[in-house]
Amino acid sequence: MKISVGVLFGGRSVENEISVVTALQTIEAMDKEKYEVIPIYIAKTGRWYSSPELLELSNYKDMDRLLQSSREVYMKPLYGDRNLYDNSNGLFRQKPVAQLDVILPTLHGTNCEDGTIQGVLAAIGIPFVGCDVLSSANGMDKITMKMILQSSGIPVVDYAWFNDKNWYADKDSVIESIEKKLSYPVIVKPANSGSSVGIRPAHNREDLVEAIEYACSFTTRVIVEKLVEKLKEVNCSVLGDYEDCEASECEVPMRSGEILTYTDKYMNPGSKSKGMQSLKRELPAKISEDETALIKSLAKKTFRVLACEGVARIDFIKDEQDKRVYVNEINTIPGSLSNYLWDFTGTSFPKLIDKLIELAFARSRAASFKITDFGGNIFKSMGSGAKLGGIKK
């Protein structure tokens, strides 16, 4: 019997298109003798679709036609119901179109990678690949992530943060707070976006105001970090769980300017829509053995501290002036699943997928042994005049 794998991608996110690329790369690499693959695309409207047409990248050029030719589907929020249902035949004629054994999310960004979809899948009780709700949420929010890493002795650059209500209520106070803590240049980021979306550097107050206004158009929480001017960015992927994990080879992504942009990652000439796989990179990274060992060690520590599972990519900043290394961020569902790093390390993309699915089933089995019911019924001990919240019922 083949394992039925629902590959979940798209989503209500500015990274919807990047997720499509990751999903199709993943599906192409999966062993079809071992897996029955069911593509499940979440449109920007939030509706779910499934069809063979979703497997062809060129079909996404005409999204209206693609969705019209696809079957609308959904999963019921009932624990233990792992069916994918047809939602196109009316409320009382809905029928299962597939029974899923495991979900492989290849989603990126807000409403997807931040614990939102993981909560849905956990409530249904279906095994799923990758981080759980807690690690996804903490990994996605750059402010929370840095707080956790700092408290665990993991180095991060100096930063300040605020929310959009703070900004619109008293801009001068927010600016004063930032300038008191950080010197220019700085970099302004939405706290919960990825793929370099919404990010701008600022070299003076005027730049800062423009960058904050831009970031606030994407999110409610904004982080401002000290910009390391002479930096080298180094990435390292980690595979495993909180008990046992391993680090990949390190890479240095090539940027076109002061920061690594969305265009650098996904729209460079000759990319042919291969996502992070097509980014120009130095692999392996031309750094010393000691620096490589340090980065791999910090990558694994970050993975464990945030209680991650599956595969993640940890992005580092190396200050070329003082040689210090900082954790910049973690990608709990990395673009292209960081398959290029694992392939270079000796684990092919198909084998990477096998490992991820094995980890998903292992976590599900372990969770099944945890107590969720003490037994008995406390309400039976209540008298007829029992009060709830001080109100007699």
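The values are calculated or read from the model by the stated rules, or taken from the named source; none is laboratory data. Just so we're clear, the structure is a prediction, and the values are computed from it rather than from any experiment. A quick note on method: Cβ atoms are made from the backbone with ideal geometry, for glycine too, and the neighbour counts reach across all protein chains shown.
Could you tell me whether Val311 is farther than 16 Å from Lys142 by Cβ and of a type in the set (A, V, I, L, M)?
Spelling it out, Val311 is indeed farther than 16 Å from Lys142 by Cβ and of a type in the set (A, V, I, L, M).
Quick one: in region 135-179, which of the residues that are small (Gly, Ala, Ser) and in contact (Cβ under 8 Å) with a residue 12 or more places away in the chain is farthest from Ala307 (Cα to Cα)?
Ranking the qualifying residues of region 135-179, first place goes to Ser177.
May I ask you to list the residues in region 34-53 that are surrounded by fewer than 17 Cβ atoms within 10 Å (Cβ to Cβ) and in contact (Cβ under 8 Å) with a residue 24 or more places away in the chain?
Lys34, Glu36, Lys44, Thr45, Gly46, Arg47
For Met254, work out the one condition from (1) hydrophobic (A, V, I, L, M, F, W, C); (2) at pLDDT below 95; (3) crowded, with 21+ Cβ neighbours inside 10 Å it doesn't fulfil.
Here Met254 clears every test but (3).
So Thr220 clears everything in (1) modelled with pLDDT under 95; (2) within 21 Å of the chain's Cα centre (by Cα); (3) more than 30 Å from Trp167 (Cα to Cα) except one condition, right? Which one?
So Thr220 meets the others, but not (3).
Quick one: Lys34 ticks every box in (1) over 27 Å from Met140 (Cα atoms); (2) of a type outside the set (S, T, N, Q); (3) touching a Pro at 6+ places or on another chain (Cβ under 6 Å) bar one, so which box is it?
Among (1) over 27 Å from Met140 (Cα atoms); (2) of a type outside the set (S, T, N, Q); (3) touching a Pro at 6+ places or on another chain (Cβ under 6 Å), Lys34 violates only (3).
Based on this model, can you work out whether Glu56 counts as buried (at least 19 other Cβ atoms within 10 Å of the Cβ), out of contact with any His (no Cβ under 8 Å at 6 or more places or on another chain) and of a type in the set (D, E, K, R)?
No; evaluated as a whole, the condition is false for this residue.
A quick yes/no check of all residues on (1) buried (at least 16 other Cβ atoms within 10 Å of the Cβ); (2) not acidic (Asp, Glu); (3) not assigned by TED's automatic domain parsing to the domain that holds Glu210:
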position: Thr106; (1), (2), (3): yes, yes, yes
position: Asp114; (1), (2), (3): yes, no, yes
position: Ser135; (1), (2), (3): yes, yes, yes
position: Met140; (1), (2), (3): yes, yes, yes
position: Phe162; (1), (2), (3): yes, yes, no
position: Asp170; (1), (2), (3): no, no, no
position: Ser177; (1), (2), (3): yes, yes, no
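Out of the residues in region 312-355 that are assigned to a strand (DSSP E or B) and aromatic (Phe, Trp, Tyr), which is farthest from Ala247 (Cα to Cα)?
So the residue we want is Tyr326.
What number of residues within region 299-336 are touching a Leu at 6+ places or on another chain (Cβ under 9 Å), closer than 17 Å to Gly153 by Cβ and of a type in the set (S, T, N, Q)?
Total satisfying the criteria: 1.
For residues in region 23-34 being out of contact with any strand residue (DSSP E or B) (no Cβ under 7 Å at 6 or more places or on another chain) and not in a loop (DSSP other than H, G, I, E, B), which is farthest from Met63 (Cα to Cα)?
Looking at residues that are out of contact with any strand residue (DSSP E or B) (no Cβ under 7 Å at 6 or more places or on another chain) and not in a loop (DSSP other than H, G, I, E, B), I get Ala29.
Looking at Val157, Val120, Val188, Val174 in this structure, which one is more than 19 Å from the chain's Cα centre (by Cα), among the hydrophobic types (A, V, I, L, M, F, W, C) and assigned to a helix (DSSP H, G or I)?
After applying the criteria, what remains is Val174.
Quick one: in region 88-104, of everything that is in contact (Cβ under 8 Å) with a residue 40 or more places away in the chain and assigned to a loop (DSSP other than H, G, I, E, B), which residue is surrounded by the most Cβ atoms within 10 Å (Cβ to Cβ)?
Filtering region 88-104 for residues that are in contact (Cβ under 8 Å) with a residue 40 or more places away in the chain and assigned to a loop (DSSP other than H, G, I, E, B), the one surrounded by the most Cβ atoms within 10 Å (Cβ to Cβ) comes out as Leu100.
Among the residues in region 187-203, are any surrounded by fewer than 20 Cβ atoms within 10 Å (Cβ to Cβ), in contact with a Pro (Cβ under 6 Å, 6 or more places away or on another chain) and without any contact (Cβ under 8 Å) to a residue 24 or more places away in the chain?
Scanning region 187-203, I find at least one residue that is surrounded by fewer than 20 Cβ atoms within 10 Å (Cβ to Cβ), in contact with a Pro (Cβ under 6 Å, 6 or more places away or on another chain) and without any contact (Cβ under 8 Å) to a residue 24 or more places away in the chain, so the answer is yes.
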